[in-house]
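Read the structure below first, then the notes.
Values in this text are rule-based calculations from the coordinates and carry no lab data. Being a predicted model, the structure only gives us computed values, none of them experimental. Don't worry about glycine lacking a Cβ; one is built from the backbone with ideal geometry, like all the others, and counts go over all protein chains shown.
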Amino acid sequence: MKFALAALLVLILGVEVPGAGLLLAQAPRESDVEAAYLFNFAKFMHAQPHSPDFFTIGVMGKNPFGATLEQITAHEQMDGRAMRVMPVAGADDARNCDMIFVSDSEAPRLEKDLEMLQAANVLTVSNVPGFLDRGGMIQFLIVSSRVRFSVNLGAVNRSKITLSSELLKVAVSVSGLPPGEVKP
Amino acid sequence: MRPFSRRTSISARLMRMNLLVTAVALSLASVSFLLYDAYSFRQNLIHSLHTEAQIIGANSASALLFDDSDAAHSTLSALRNSPDVVYAIILTPARTPLANYQRQKDTPKIDTPPLPGHASEFTWQRGSQILLGSRIDFQGKNIGTVYILAETTEIGQRIRRYVLIAILILLVCLVAALMLTASFRRVIANPIVGLANIARTVTREKDFSIRAPIPGDTDEVSVLVNSFNEMLGQIQERDRALLASRDELEQRVQERTAELQAANKELEAFSYSVAHDLRGPLDSIGSTSFLLRNADWSALDPQLRGQTAEILEMLPRAIGRMSALIDDLLNLSRSKSAVLHLEPIDLSAMAAGILDELAKNEPNRKVDVVIAPRVVAIADKGLMRVVLANLLGNAWKYTSKTPLPHIEFGTRREGNNLVYFVCDNGAGFDPQYQHRLFQPFQRLHATSEFAGTGIGLATVHRIVTRHGGRIWAESQLDHGADFFFTLN
């Protein structure tokens, strides 16, 4: 587990970990990649800070990452704010986060929460199928056994969050584009 | 004398110099431009590669972070617009390739050495290619590396183009230099060539009055021309002085010669008239002595008569000697002044006649005489008679005390010359006095021993010389004398 994480870190973040080279051949776990991508999304988004001291990633529902997300974000900073990971019980708690990962355990009562979070300028990410159609902003997909993601730009634009075009460039699909705009 | 080729030599040298300088200057300029261009082209290429690497790095950050090789691919494909770039690759920090770009499908894989140390960018020269590696950083973290391989063959093409252009310009410049040479010739070569031509004319015609035209410019050539003209002037001056002094000398020689000739003539006229005028009184003395000898002296005392007869007997001998002396003097005088009447003469007959006469005067002497037959010469008859009479007379005289006297007259060949000789076996002479032999009034024997005037051989010498010939003698004392002469 620890070696796998090290390999992932090397692969995604360029952090050099001794002995990591041995495990490169082994494919990283899906949840590890998703944890790394969560961290990366933070780099391509821009929104009103919810706290002057912290960039908070909330995990709503059952945490699928174990300790990985904490390890990735530990000691990392985002625009001068320390990154932290918080478990979130409900949408009311989540409004104070900058980004929320919605675990599939929360699938049944999504729509309302997502509407509220959009209004609270919180970037919502999930791997729940149909997440975007239900008002989510970024959804993880598996394409050719690789973790990819799609963006609901309409939902993003309705909030006060802006996503970098760089991010949109690497998205599998971008929906809710204004008329005339095409995904590069 | 090849005036044309000579005329071209200095111009040709000027032209060669011109062309050489042009060619060298242009070549140096071309090479330095070329080097600078190649250098700046390479620098520009590296700079544009750097820019491209930066753009690719910025545009592929998300692709690297989200492991999206398609996005990286499309970013790299923008390199299509850079014709120099043949290959590019983006590596993750773990040095696994994320995406690459190949201008041509068959571009071989290249190895991508890691950047040395903490350099954010580095270039390697790979033969004709340049490999540039650049770190991709995102928000202060290294997230990958991009490598771009570019072809520098365009440098080679540029060099070829440059060389072609340089050659064209060189040709144009050479033609221009050729045309300029004409004006160089007018300015530099022509005055020198003109000077050379004048120098040649002066040497050939020895005419030092010629002057080279002075060129308008006051440069070294005009100094040369001026010096040359000055030199000619000096030579002319010296020539004139030399000529004047020679004329003066010649005039002085002529004056002296005339003076000497006048003095000589005077002297000869004097000696001639003296000799001639002496003959008159001598004849009267002779006839008087004849009368005295045949006069009747019977009235005288017998003793006194004897003495008188003795004295009177001595007179004819002395008169004879004086007469001979006068004859010789007149001959000598005549031999010098008489006009030569050249005609063929039979010398054999003349010698025989002279010897007959000598024999008639002394009928008691027995002399063995040999005369070569048909000895002829073209000479003055009267003077040749004087020559033979003297030489044969000497031979006759100096053999008078020889027991078996022998006299020979003949000729022999010496090269192209016919040499006449008169030989005897008489008293001869001491060869150490040979140089005095043909001088007047020089005698090698005492008068008491052999009678003579000392003028004969001097006269002979003069006559032979006047005929353009030469006379010489060989002898040993008491072993006879051989006289040789030639006539021209």
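Structure data summary
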item	result
Length released on extending from B:Arg412 to B:Glu250, taking residue separation times 0.36 nm less the Cα-Cα span	54.0 nm
Rough spin-label spacing in nm, given labels placed 7 Å along Cα→Cβ, for A:Gln77 and B:Ser323	17.3
Given charges at Cβ of Lys, Arg, Asp, Glu: chain B dipole, positive-most of B:Ala212, B:Ser27, B:Gly233	B:Ser27
Test item: Cα-centred dipole of region B:208-337, Lys/Arg +1 and Asp/Glu -1 on Cβ, debye	720
Ranked list, fewest to most other Cβ atoms within 10 Å of each Cβ, for A:Cys97, B:Cys423, B:Cys173	B:Cys173, B:Cys423, A:Cys97
For the protein assembly as shown, convex hull volume per residue from C-alpha positions, Å³	398
Cβ-Cβ FRET estimate between B:Asp217 and B:Gln129, R0 fixed at 60 Å, reported to 0.05	0.50
Principal semi-axes in Å for region B:309-378 [√(5λ), Cα gyration tensor, largest first]	30, 22, 6
Quotient of Cα Rg and 2.2 N^0.38 Å for region B:339-486, N being how many residues it contains	0.99
Bridge type composition, the protein assembly as shown - antiparallel percent by DSSP, nearest 5	70
Karplus-derived HN-Hα couplings along region B:309-319 (A = 6.51, B = -1.76, C = 1.60, θ = phi - 60°), whole Hz, x at Gly and Pro	4, 4, 5, 5, 5, 6, 4, x, 5, 5, 5
Within region A:29-175, percent of DSSP bridges classed antiparallel, to nearest 5	35
Inter-label distance for B:Gln439 and B:Ser284, nm, one decimal - labels placed 7 Å from Cα along Cα-to-Cβ	3.8
Reachable lysines from A:Lys169, criterion Cα separation under 23 angstrom, eight or more residues apart if same chain	A:Lys43, A:Lys160, A:Lys183, B:Lys141
Relative contact order [Cα under 8 Å, 6+ residues apart], region B:203-244, whole percent	41
Over region A:29-175, volume per residue of the alpha carbon convex hull, in Å³	97
Residue-wise HN-Hα coupling along region B:199-204, computed from phi with Karplus coefficients 6.51, -1.76, 1.60 (Hz; x: Gly, Pro)	4, 5, 4, 4, 5, 6
Chain B: relative contact order as a whole-number percent, Cα under 8 Å and 6+ apart	9
Rg ratio (alpha-carbon, reference 2.2 N^0.38 Å) - region B:208-337	2.67
Antiparallel content of DSSP bridges confined to region B:297-452, in %, to 5	75
Extension gain, B:Leu304 back to B:Asp478 (0.36 nm per residue minus Cα-Cα distance, nm)	58.2 nm
Nonlocal amide H pairs with A:Met137, under 5 Å, H built at 1.01 Å	A:Thr124
Table column - 3J(HN,Hα) (Hz), region B:59-70, Karplus curve with 6.51, -1.76, 1.60, x for Gly and Pro	7, 10, 4, 5, 4, 5, 5, 9, 6, 9, 6, 4
Convex hull (Cα only) mean projected area of region B:258-313, reported in nm² to one decimal	4.8
Residue among B:Thr51, B:Gly140, B:Thr486 farthest towards the positive dipole end of the protein assembly as shown, charges placed on Cβ	B:Thr486
Other-chain or far-sequence residues with amide H under 5 Å of B:Phe138's (modelled H)	B:Ile143
Amide proton proximity set for B:Ala379, modelled H, under 5 Å, gap of 5+	B:Glu343, B:Ile345
Set of aspartates and glutamates near B:Lys109 by C-alpha distance (under 19 Å), chain-local residues within fewer than 8 positions excluded	B:Asp84, B:Glu151
Simple spin-label estimate for B:Thr465 and B:Ala58 in nanometres, 7 Å along Cα-Cβ	12.9
